[in-house]
Amino acid sequence: MRSHYCGQLSAALIDREVELCGWVHRRRDHGGVIFIDLRDREGIAQVVFNPEHPVPFEAANALRNEFVVRVRGRVRHRPEGTVNPDLPTGEVEVVGAHIEVLNPARTPPFQLDDENLNDDLRLRYRYVDLRRPVMQENLRLRSRITRILREFMDRHGFLEIETPILTKATPEGARDYLVPSRTHPGHFFALPQSPQLFKQLLMMSGMDRYYQIARCFRDEDLRADRQPEFTQLDIEVSFMDEAAITDLMEDMIRHLFREAIGVELPARFPRITHEEAVRRFGTDRPDLRNPLEFVEIADLVREVNFKVFARPASMANGRVAAMRLPGGGELPRSVVDSYEEFVKQHGAKGLAYIKVNEIRDGRDGLQSPILKFLPDDVIQAVLKRVGAQTGDLVFFGADKRKVVNDSLGALRNKIAHDLNLLRGEWELLWVEDFPMFEYNEEEKRWDPMHHPFTAPRVAMPAQLTADPGGCLSRAYDLVLNGIELGGGSVRIHRPEMQKAVFQLLGISEQDAEEKFGFLISALDFGCPPHGGIAFGLDRLVMLMAGMHSIRDVIAFPKTQTASCLLTSAPSPASATQLKELGIRVATPAKPK
């Protein structure tokens, strides 16, 4: 029905007759000459209708926004002074000789060029929202990214293998979505949180190098960068250690950025340990564009009479850290007070600070409510350690280690965005040497930092159980601009080590057999050393597209309540369907 896409028009087609199909983006009547901006997925073309051709002119006069039309006409240069340099097709226009309305349209629920749209309205009319050029470009970029990734994987000998969607429920950190079985009444499938166990089984099957652009499902509380169903690039390899795996993944990410968006990344990504990341930035996914860092001062304040500092400085799980904000002394008191309210939202009881009006001996030239509680030598030692200069502001966090890391880390990010401190556009780093376990204070048990199939950095099970809190794992995360882009590890490939990990996590032999029996059995039949990684494709596309939510790079996303406004899903099942599945729904009690 068409000879070209609208966005393909150029000076090379001048004097050629073309046929275009698309949506009326805008109709303009300029002194008896009608201009139509015709839009399709590749761009916008200007079509002009003159009254000397009355039939198409009258048809064009009746057009409205979002009508679907077919146009035939001749390409010409735009008249002098009307060239639009901001439009790829702005050098030419089409003189319309024929127009056919393929489908009229109701007035759309919002203007496509409105940049302040309500999210619920966009999701309810997603098919209209996806007509917007920014959304179409996002989906084109997503398609380009997946193509480039597949080509890279293929060139490096990986096989794309699909794993089951209907599978067995296994504990992997989030609630499973369950699917009742009609043929096995009372039994349920689970939708996969990830293909973790299957990709390990593929290594045991001799597949050697596997990948999959996999759909994953997690029934968890949502936020801007989470969805109940999401997509990841899932990768697993045999006979490669963590250094070889991360080197190959670096090559892939550099190639992807170069080919997809024309960005050259560094030849080597920085690598830091989990301990260093948390110590310097309060998080294991730091944004290296942010120059602010933490400095440990617990040893300087452990003996002071100021219990707010002294108590956490003496606690095994406590922390006292300082963060210097160069030039922060110019911030008004109202802003500092707002930062105190902000850290309270992240668990802190308050926010201590010292404003450095001038560097002098003692406390002269300083301003802070906490100065009266600290000796002069301690104050000077703290300022020296953080490198304070005249005009600076020094913030302090003192509490349990997690509270300090969470609250001061969140403040670090907020200040960087408020004051435009971020440097550069792309900052990637590997975070390595994660703890194998973290202690669950509420449940009084050890939990895996990643998942129970991650290999520890010890050779024997006895070494693992002797000091679980001090054991490191062979895990690694790739972080981009403060967002975890992907995470992986070398896996446990010996059955005795896997059983020891299950035992340490409080998983009984009976539970292990019931939940993971097929994996434990496979380990006994010759399992190669193997490891892998999974990248969040939605997050990757979001960052490369410059968006702030993964909903903007997913064609049909869910809301933060895990519902679809477009289709009204989830919805009740019919009584017949429930009966076939053997499910009884309790009748709600009558109100008293």
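Quick look at the values:
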{"read-out": "Contacts under 8 angstrom Cβ, first residue in the stretch 275-294 being aromatic (Phe, Trp, Tyr), partner assigned to a helix (DSSP H, G or I) and at pLDDT 95 or above, 6 or more apart", "value": "Phe281/Gly409; Phe281/Arg412; Phe294/Arg279; Phe294/Arg280; Phe294/Phe281; Phe294/Leu408; Phe294/Arg412"}
{"read-out": "Checking Asp364 against (1) of a type in the set (D, E, K, R); (2) assigned to a strand (DSSP E or B); (3) over 30 Å from His274 (Cβ atoms), the condition it does not meet", "value": "(2)"}
{"read-out": "Residue in the stretch 512-521 that is among the polar types (S, T, N, Q) and without any contact (Cβ under 8 Å) to a residue 40 or more places away in the chain present", "value": "yes"}
{"read-out": "Answer residue from the stretch 516-533, given it is of a type outside the set (A, V, I, L, M, F, W, C) and part of a helix (DSSP H, G or I) and is modelled with the lowest pLDDT among those", "value": "Gly517"}
{"read-out": "Matching residues, the stretch 21-36, being more than 38 Å from the chain's Cα centre (by Cα) and either assigned to a loop (DSSP other than H, G, I, E, B) or closer than 15 Å to Gly96 by Cα (or both)", "value": "Arg27, Arg28, Asp29, Gly31, Gly32, Val33, Ile34, Phe35, Ile36"}
{"read-out": "Breaking point among (1) assigned to a helix (DSSP H, G or I); (2) in contact (Cβ under 8 Å) with a residue 12 or more places away in the chain; (3) among the acidic types (Asp, Glu), for Asp247", "value": "(2)"}
{"read-out": "Pair list, Cβ under 7 Å, 6 or more apart: the stretch 253-264 residue more than 9 Å from Ile145 (Cβ to Cβ), other residue of a type in the set (Lys, Arg) and surrounded by fewer than 16 Cβ atoms within 10 Å (Cβ to Cβ)", "value": "Glu264/Arg258"}
{"read-out": "Cβ-Cβ under 9 Å pairs, at least 6 apart or on other chains, the stretch 54-82 side touching a residue at least 40 places away in the same chain (Cβ under 8 Å), far side surrounded by fewer than 16 Cβ atoms within 10 Å (Cβ to Cβ) and among the hydroxyl-bearing types (Ser, Thr, Tyr)", "value": "Arg64/Thr107; Asn65/Thr107; Glu66/Thr107; Arg72/Ser3; Val75/Ser10"}
{"read-out": "Meets criteria (within 30 Å of Arg140 (Cα to Cα) and in contact with a Pro (Cβ under 9 Å, 6 or more places away or on another chain)) for Leu265", "value": "no"}
{"read-out": "Of all residues making up the stretch 190-233, the number that are touching a helix residue (DSSP H, G or I) at 6+ places or on another chain (Cβ under 7 Å), in a strand (DSSP E or B) and either farther than 17 Å from Leu540 by Cα or among the hydrophobic types (A, V, I, L, M, F, W, C) (or both)", "value": "4"}
{"read-out": "Test: residue in the stretch 419-429 that is loosely packed, with under 13 Cβ neighbours inside 10 Å, modelled with pLDDT of 95 or more and either more than 21 Å from the chain's Cα centre (by Cα) or assigned to a helix (DSSP H, G or I) (or both)", "value": "yes"}
{"read-out": "The stretch 458-500 - residue that is within 19 Å of Gly536 (Cα to Cα) and hydroxyl-bearing (Ser, Thr, Tyr) and, of those, surrounded by the most Cβ atoms within 10 Å (Cβ to Cβ)", "value": "Tyr476"}
{"read-out": "Test: residue in the stretch 107-119 that is in a loop (DSSP other than H, G, I, E, B), over 31 Å from the mean Cα position of the chain (by Cα) and more than 19 Å from Leu565 (Cα to Cα)", "value": "yes"}
{"read-out": "Exclusive hit being in a helix (DSSP H, G or I), under 24 Å from Asp418 (Cα atoms) and in contact with a Lys or Arg (Cβ under 9 Å, 6 or more places away or on another chain), set Ala277, Ala310, Ala322", "value": "Ala277"}
{"read-out": "For Ile165: the one exception among (1) in a loop (DSSP other than H, G, I, E, B); (2) among the aliphatic types (A, V, I, L, M); (3) farther than 30 Å from Glu514 by Cα; (4) modelled with pLDDT of 95 or more", "value": "(3)"}
{"read-out": "Residue within the stretch 140-154 that is more than 20 Å from the chain's Cα centre (by Cα) and surrounded by 16 or more Cβ atoms within 10 Å (Cβ to Cβ) present", "value": "yes"}
{"read-out": "Those residues of the stretch 534-546 which are among the aliphatic types (A, V, I, L, M) and either touching a helix residue (DSSP H, G or I) at 6+ places or on another chain (Cβ under 6 Å) or at pLDDT below 95 (or both), in sequence order", "value": "Val541, Met542, Met544, Ala545"}
{"read-out": "Filter pass, Phe49 being more than 31 Å from the chain's Cα centre (by Cα), aromatic (Phe, Trp, Tyr) and either under 30 Å from Thr231 (Cα atoms) or surrounded by 13 or more Cβ atoms within 10 Å (Cβ to Cβ) (or both)", "value": "yes"}
{"read-out": "Residue list for the stretch 367-377, filter: surrounded by fewer than 18 Cβ atoms within 10 Å (Cβ to Cβ) and either within 39 Å of the chain's Cα centre (by Cα) or within 10 Å of Leu300 (Cβ to Cβ) (or both)", "value": "Asp377"}
{"read-out": "Out of Glu442, Glu513, sole residue that is part of a loop (DSSP other than H, G, I, E, B), modelled with pLDDT under 95 and surrounded by fewer than 19 Cβ atoms within 10 Å (Cβ to Cβ)", "value": "Glu442"}
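The values are calculated or read from the model by the stated rules, or taken from the named source; none is laboratory data. Not measured: the values here are computed from a predicted model. Using ideal geometry, Cβ is built from the backbone for each residue, glycine included, and neighbour counts are taken over all protein chains shown.
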